[in-house]
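Asks: I'd like to ask some things about the structure below.
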Amino acid sequence: MNGNPVIEAKHLDLTFQTNDGPVQALRDVNLQIHKGDFVSFIGPSGCGKTTFLRCIAALETPTGGKLTVNGMSPDEARRARAYGYVFQAAGLYPWRTIAGNIKLPLEIMGFPKSEQDARVEKVLDLVELSGFGKKFPWQLSGGMQQRASIARALAFDADILLMDEPFGALDEIVRDHLNEEVLKLWARTGKTIGFVTHSIPEAVYLSTKIVVMSPRPGRITDVIESPLPKERPLDIRDSPEFLEIAHRVRDGLRAGHAYD
Amino acid sequence: MTRVIFPVLVVVAAIMAFWYAACIPMNIKFALQTAERQGAVISPEGVQARRDMSAFVLAARNPGQWAQTWEQAKPRLPAPHQIVQELWKTTVDVKPTSKRSLVFHGWVTLSATLAGFAIGSVGGILLAVGIVHSRAMDMSVMPWAIASQTIPILAIAPMIIVVLASFGVQGLMPKAIISAYLSFFPVVVGMVKGLRSPSAMDMDLVRTWSATRAQTFWKLRLPASVPYLFASLKIGVAASLVGTIVGELPAGGGQGLGFRLLAGSYYGQTVQIWAALLATAVLAAGLVALIGVLERGTLKRMGLSR
């Protein structure tokens, strides 16, 4: 791998203090993500995959270990606009048009007005929503709304895109389509992508690196470097290589999770 | 449209029928007394005989006198057409500047209501902003706001007027303050809820952009609260009107719809009371409808209504 990792976690711990006593959400998480990687985090609920992503985004503060993003602390990285974050729900403001929603982070970050429109056009084109800028969110389908929220995360040119189960609420047909779109987007922009999912085919189809996690306490049980080529048509999912990786992911999930 | 109009007409007709019917037992005793004095044959004869009898029985035994129950000058319950006549007389037949004009009294009440509503709404919004942004304010102000509404306004209104009069504040202001006292509360409650309506995810999202508190307020919290604000304003404006009228009872100075209600009850002018009541209701409905129009326009412009 080339150069310094973009995201590096060393012995990362996170314990939540709850009314039922401390809950260990992450234990001894070690991971390196390099520039241009597409990393999926997969595991059952409660395995800490979302929590880890939130740590990278400085939405949670680890209680132990070290986490750097672009060589900085997550907090500094956020102020340096290191990443865009996509949540499970599109979270578009109903009182703003699609273009207005995408402009929102630009307004908050203080981009000049003249530049805002150009950037909106550019990212709308990236997610193939050109011409929808003047529509209101309710006029778009769920899949289109989620694409708009990805465009919003891309608008300020962060190098890292963090996605927390972005397609979890969509049906499988839309999901397949958006998976293809995300791969195209990734190829065109060269972003580093962190992607949380609970779908094995989604993780294997998208990723260059699959991080398998298990719960109680949340920890990494396996890291799989995908041998699949960068160019991935949808029917690659029927190839023996694909099925082999999927099998290894399933094994990793089973090993880390006692179904008692 | 006809499918809507028909049920509405049926309800109005039912209310009118009930009202006219209710006038009969309410006013029958005085109607019989008057008719007997004028020589009509009433069953049973004599005021003494009828004194302890049920009004319903008397009405049933003297159907010939029903019409009289709808035409008295000072009935216990005036009939609808009497109220309409009184309304016509006191709005169209007299100059709007006359002290006998309901337009004049309505304007006095309306101006104090609008002033109180403005004070109450702005104050309510400011309080809500403080409560949402400061935990200390949330803990310290909210209980007092709730406590303030548990005190009967009728009890506190004269005190406010007396205290303010001792500082030389008279006229519109004391009424406006009582009106604001009633209208700020729904605005506080609605706005606090509205400003807190963005989800945890919405708040996380603006955090990932390192938005300041002020940016979060202007770009997320405030626009998200607008539908809640209008719902509160509708309740607030109706409460404002009630507050003003209560304020006019002890401090009317001979003006306002509240004073008309009071004067009517002093002199047994029930028709005047009901006319003032109806004028109040029309005023309240107009104010609520006005806010409804503003609401529809604003939400449409914001893209919040489809």
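Asks: Run the dipole for the range A:90-157 about the Cα centre, Lys and Arg Cβ at +1, Asp and Glu Cβ at -1, nothing else charged, and hand back the magnitude in debye, nearest 20.
Replies: 200 debye
Asks: Give the angle, between 0 and 90 degrees and rounded to the nearest 10, that separates the Cα long axis of helix A:142-154 from the longest principal axis of the Cα atoms of chain A.
Replies: It is inclined by approximately 90 degrees.
Asks: DSSP loop chymotrypsin sites (Phe, Trp or Tyr not before Pro) in the range B:260-291 with at most 14 other Cβ atoms within 10 Å of their Cβ, which ones?
Replies: When the chymotrypsin sites (Phe, Trp or Tyr not before Pro) of the range B:260-291 are filtered for loop state and at most 14 Cβ neighbours within 10 Å, B:Tyr267 remain.
Asks: Work out the length of the dipole vector of the range B:167-306 about its Cα centre, built from +1 on the beta-carbon of each Lys and Arg and -1 on the beta-carbon of each Asp and Glu, and round it to the nearest 20 debye.
Replies: 520 debye
Asks: Also, I was wondering about something else. With loop defined by DSSP as not H, G, I, E or B, and exposure as at most 15 other Cβ atoms within 10 Å, which is the longest segment of chain B clear of exposed GluC sites (Glu not before Pro)?
Replies: B:72-306
Asks: Counting pairs of alpha carbon atoms under 8 Å apart in space and at least six apart in sequence, what relative contact order in percent does chain A give?
Replies: It comes to 25 percent, rounded to a whole number.
Asks: Please report the antiparallel percentage of the DSSP beta bridges confined to the protein assembly as shown, to the nearest 5. Intermediate values should be presented prior to the final figure.
Replies: Values: 21 of 39 bridges.
In the protein assembly as shown, DSSP labels about 55 percent of beta bridges as antiparallel.
Asks: Please compute the Cα-Cα pair-distance distribution of the range B:2-76 with 10 Å bins starting at 0, giving whole percents from short to long.
Replies: 19, 43, 20, 12, 6, 1
Asks: For the protein assembly as shown, which whole-number percentage of the solvent-accessible area (1.4 Å probe, protein heavy atoms only) is attributable to carbon and sulfur atoms? Each step should come with its number before you reach the end.
Replies: Working: 17230 of 27910 Å².
That share works out to 62 percent.
Asks: Please average, across the residues of B:209-217, the number of beta carbons from any other chain that are within 10 Å of each residue's own beta carbon, and give a whole number. Don't skip to the answer; put the middle values down first.
Replies: Details: counts 13, 9, 5, 1, 0, 0, 5, 1, 0.
Taking the mean over all residues of the peptide, I get 4.
Asks: Kindly state, as a whole number, the per residue volume in cubic angstrom of the convex hull around the alpha carbon atoms of the range B:102-302.
Replies: For the range B:102-302, the hull spanned by Cα atoms encloses 128 Å³ per residue.
Asks: Are there residues in the range B:258-306 whose accessible area shrinks by at least 10 Å² when all protein chains are included rather than the chain by itself, and which are they (probe 1.4 Å, ligands and nucleic acids not counted)?
Replies: B:Met302, B:Gly303, B:Leu304, B:Arg306
Asks: Then there is this: Answer with one residue from A:Phe38, A:Thr15, A:Ala58: the one whose Cα lies farthest towards the positive end of the charge dipole of chain A, charges on Cβ with Lys, Arg +1 and Asp, Glu -1.
Replies: A:Ala58
Asks: Mind grabbing the interface size between A and B? I mean buried accessible area, both sides, 1.4 Å probe, in Å² to the nearest hundred.
Replies: Numbers: alone 12530 and 17470 Å², together 27910 Å².
Interface area, both chains combined: 2100 Å², rounded to the nearest 100.
Asks: For B:Lys234, list the aspartates and glutamates whose Cα falls under 17 Å from its own Cα; do not include residues on the same chain fewer than 8 positions away.
Replies: Within the straight-line limit of under 17 Å, B:Lys234 reaches these aspartates and glutamates: B:Glu295.
Asks: As I understand it, the value is the acute angle between the Cα axis of helix A:240-256 and the longest principal axis of the Cα atoms of chain A; what does it come to in degrees, rounded to 10?
Replies: For helix A:240-256, the angle is close to 60 degrees.
Asks: For chain A, find the longest principal axis of its Cα atoms and tell me its angle to the long axis of helix A:113-126, 0 to 90°, nearest 10.
Replies: Approximately 60 degrees, to the nearest ten.
Asks: State, as an integer percentage, the relative contact order of the range B:2-76 based on alpha-carbon contacts under 8 Å between residues 6 or more apart. Spell out each step's value before the answer.
Replies: Details: 43 pairs, mean separation 29.9, N = 75.
For the range B:2-76, the relative contact order is 40 percent.
Asks: While we're looking at this one, here's another question. With +1 assigned to the C-beta of every Lys and Arg and -1 to the C-beta of every Asp and Glu, and no other charges, what is the dipole magnitude of chain A about the Cα centre in debye, to the nearest 20?
Replies: 620 debye
Asks: In addition: Run the reach check for B:Lys175 against aspartates and glutamates, Cα to Cα strictly under 15 Å, same-chain hits fewer than 8 apart removed. What comes back?
Replies: The qualifying aspartates and glutamates are B:Glu248.
Asks: Quick one: compute the contact order of chain B, relative version, from alpha carbon pairs under 8 angstrom and 6+ residues apart, as a percent.
Replies: 20 percent
Asks: Further question: Using a 1.4 Å probe on protein heavy atoms, which residues of the range B:188-204 have at least 40 Å² less accessible area in the complex than alone?
Replies: Flagged in the range B:188-204: B:Met201, B:Asp204.
Asks: Still on this model: Leaving out ligands and nucleic acids, note down the accessible area per residue over chain A with a 1.4 angstrom probe, in whole Å².
Replies: About 44 Å² of surface per residue is accessible.
Asks: So what's the net charge close to B:Arg221: Lys and Arg +1, Asp and Glu -1, counting the other residues with Cβ under 12 Å from its Cβ?
Replies: Net of charged neighbours comes to +3.
Asks: Mean Kyte-Doolittle of at least 0.5 plus a Cα span of 30 Å or more along the axis: flag which DSSP H helices in chain B meet both, please.
Replies: Span-like helices here: B:2-37, B:102-133, B:172-195, B:222-251, B:270-302.
Asks: If you don't mind, there's one more thing I want to ask. Per the Debye formula with a single identical scatterer at each Cα and no solvent contribution, what log10 I(q)/I(0) holds for the protein assembly as shown at q = 0.05, 0.06 Å⁻¹?
Replies: Calculated log10 I(q)/I(0) at the listed q: -0.40, -0.53.
Asks: Suppose all protein chains stay in the model; what accessible area per residue would a 1.4 Å probe give for the range B:102-302, in Å²?
Replies: 46 Å²
Asks: If you don't mind, another one. Reachable lysines from A:Lys49, Cα under 26 Å, same-chain residues fewer than 8 places away excluded?
Replies: Once the sequence-local lysines are set aside, what remains near A:Lys49 is A:Lys10, A:Lys35, A:Lys66, A:Lys184, A:Lys191, A:Lys209, A:Lys230.
Asks: For the range A:153-260, state which trypsin sites (Lys or Arg not before Pro) are in a DSSP loop and have at most 13 other beta carbons lying within 10 Å of their beta carbon.
Replies: Counting only loop positions with at most 13 other Cβ atoms within 10 Å, the trypsin sites (Lys or Arg not before Pro) in the range A:153-260 are A:Lys230.
The values are calculated or read from the model by the stated rules, or taken from the named source; none is laboratory data. Being a predicted model, the structure only gives us computed values, none of them experimental. Because the Cβ atoms are built from the backbone with ideal geometry, glycine has one as well, and the counts that use them run over all protein chains shown. What goes into the accessible areas is simple: the full protein's heavy atoms, side chains included, and nothing from ligands, DNA or RNA. Shrake-Rupley method; radii C 1.70, N 1.55, O 1.52, S 1.80 Å.
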